[in-house]
Structures are given as C-alpha cells and as structure tokens.
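Notes follow once the structure below has been shown.
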Amino acid sequence: QQPVQSPQAVILREGEDAVINCSSSKALYSVHWYRQKHGEAPVFLMILLKGGEQKGHEKISASFNEKKQQSSLYLTASQLSYSGTYFCGTALKTSYDKVIFGPGTSLSVIP
Amino acid sequence: DAGVTQSPTHLIKTRGQHVTLRCSPISGHKSVSWYQQVLGQGPQFIFQYYEKEERGRGNFPDRFSARQFPNYSSELNVNALLLGDSALYLCASSLDGAADTQYFGPGTRLTVL
C-alpha cells in the first residue's frame, strides 16, 4: 500500500532540473507532496486531487495521472534551498482519510 | 496564527514505561493525524481523528492509542514501550480530514532506553 518513489536519491548542480516520481498499485484519491529538511518537520508543497491535475508552486510543479496511479514532482532551475528529502503521500479512493507516505527521495543541490 | 504545536519536544523513557504525547492543531482545524517517523524513512500513519472520532488507524499494535478532545487537541499514548518505539512522532492538522492539506508540527523525539 505504500507508494513507490523514484529515484531514491539525486544530486543536482544549481540551476539543473529534476523529476521525482510517485506511483501506487491502487486507485488514488489524492497525492500530497512534502519536503523535509534534516531535523525539521515535513513542509507542505502541494496536493493534487484530480486526475490530470497540475499544480505549481514557484519553480516546483506537479502532475497527477489518475489512469496510471502516478504523480510526478518537477523542480526547475534548482536552488540550494531545494535540498532535502521529498515525500509523496497517497490517499486511496477506498480509504481517503488515510495518507500513506512513500520512503522519500533525497535531493541534494550543490553549487 | 500559531502553527501546530507539540509537547514535549524530547522525551527519554525506559522499556516498559508508558508515554503521552500532546498536540494542538491550528486554530479552526478539526482533524489531527499522528505519524511515526524512524530515521531515514517516511512518516508512518498511526491514527487520524476528525471531530473527536477515530477515522483511520494504521498497522500499529494496541499499545498505541489516541484521543481527540472537544477543543480538537489530541493525545497519543504508547504503553509498554519497546526499544523499537524510539522515533520522531509527528502530529499533523487539517481542516476537514487527512485527505485535506496537512500541516505538521515540529514533532516529539522519543528515545526508549
């Protein structure tokens, strides 16, 4: 039931782009994206509720493909502040009040 | 507005003891969820409460229990502590339910010796 995230880790140079993927084997109600820095609580980035929905937040955007049970997080022109671990959380259509988080993708942006 | 608050910040207990963790949601939020996060892993869902009723429960033993009060604050109780219960316990609040945007508190770091 836990979503699968890929890649597990990625290292970027400032200004480069990255894509983080999240997939589920079951029908999804919603997808939630969070970023967590070391020693801090997860910080909300965005939530996607409809298939095909795309949302943006500064240079970070995400899409939700309901048919494939997949979501992707796009980080463009990365900045040092983007470093952290990115988690996707998924709520199933059969239990939409329960958000299950993936194992995370560690992203490091270097100068 | 104040964000989600949790107390205590850190806690050290010994095996077999019990612990109570507290969470105050953002003003106006009626839903509270509890998560356990072990180092290097994603938050693991424990409970979700909405309007004082349990809406969801994760795969945790009965040693874990929770409740939500009329003011929407919440407590997580863990009995008969095990070494494996050492983790960061996160509380998240949302307006209407776990499927809504959740805002996390700073967490309580529990160490079981």
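A few notes on this one:
- Any hit, region A:25-40, residues being farther than 21 Å from B:A99 by Cβ and facing chain B (nearest Cβ under 9 Å): yes
- Of the criteria (1) within 24 Å of B:I46 (Cβ to Cβ); (2) away from every other protein chain (no Cβ under 14 Å); (3) in a strand (DSSP E or B), which one A:L107 fails: (1)
- For region A:27-54, a tally of residues being part of a loop (DSSP other than H, G, I, E, B), modelled with pLDDT under 90 and exposed (fewer than 15 other Cβ atoms within 10 Å of the Cβ) returns 5.
- Residues in region A:76-104 that are farther than 12 Å from A:R35 by Cα and more than 14 Å from every other protein chain (Cβ to nearest Cβ): A:T76, A:A77, A:S78, A:Q79, A:L80.
- Residue pairs meeting the criteria (Cβ under 7 Å; at least 6 apart or on separate chains; first assigned to a strand (DSSP E or B), in region A:4-21; second of a type in the set (F, W, Y)): A:V19/A:Y74; A:I20/A:Y86
- One residue stands out among those in region B:60-84 that are without any contact (Cβ under 8 Å) to a residue 24 or more places away in the chain and under 15 Å from B:T20 (Cα atoms): the one that is nearest to the other protein chains (Cβ to nearest Cβ), which is B:F64.
- Filter result (buried (at least 18 other Cβ atoms within 10 Å of the Cβ) and without any contact (Cβ under 8 Å) to a residue 40 or more places away in the chain) within region A:83-100: A:D97, A:K98
- All positions within region B:90-113 that are within 13 Å of B:V4 (Cα to Cα) and not polar (S, T, N, Q): B:L90, B:C91, B:A92, B:L95, B:Y103, B:F104, B:G105, B:P106, B:G107
- Total residues in region B:1-59, condition surrounded by fewer than 17 Cβ atoms within 10 Å (Cβ to Cβ), within 12 Å of the chain's Cα centre (by Cα) and more than 12 Å from chain A (Cβ to nearest Cβ): 4
- Taking the criterion of being of a type in the set (V, I, T) and within 29 Å of B:D96 (Cα to Cα), the residues of region A:77-111 that qualify are A:T85, A:T90, A:T94, A:V99, A:I100, A:T105.
- Residue within region B:85-100 that is more than 14 Å from chain A (Cβ to nearest Cβ) and in contact with a strand residue (DSSP E or B) (Cβ under 8 Å, 6 or more places away or on another chain) present: yes
- Listing of strands (runs of 3 or more DSSP E) fully contained in region B:27-113 that carry 1 or more residues being closer than 22 Å to B:K13 by Cα: B:31-37, B:44-50, B:64-68, B:74-78, B:87-94, B:108-112
- Only a single item in (1) closer than 14 Å to B:P43 by Cα; (2) without any contact (Cβ under 8 Å) to a residue 40 or more places away in the chain; (3) not β-branched (V, I, T) is not met by A:K67, and it is number (1).
- Among the conditions (1) closer than 27 Å to A:L107 by Cα; (2) within 14 Å of chain A (Cβ to nearest Cβ); (3) in contact (Cβ under 8 Å) with a residue 24 or more places away in the chain; (4) surrounded by 17 or more Cβ atoms within 10 Å (Cβ to Cβ), B:L110 misses just one, which is (2).
The values are calculated or read from the model by the stated rules, or taken from the named source; none is laboratory data. Keep in mind that what you see is a predicted model, and the values were worked out from it rather than measured. Please note: Cβ atoms are built from the backbone with ideal geometry, for glycine as well, and neighbour counts cover all protein chains shown.
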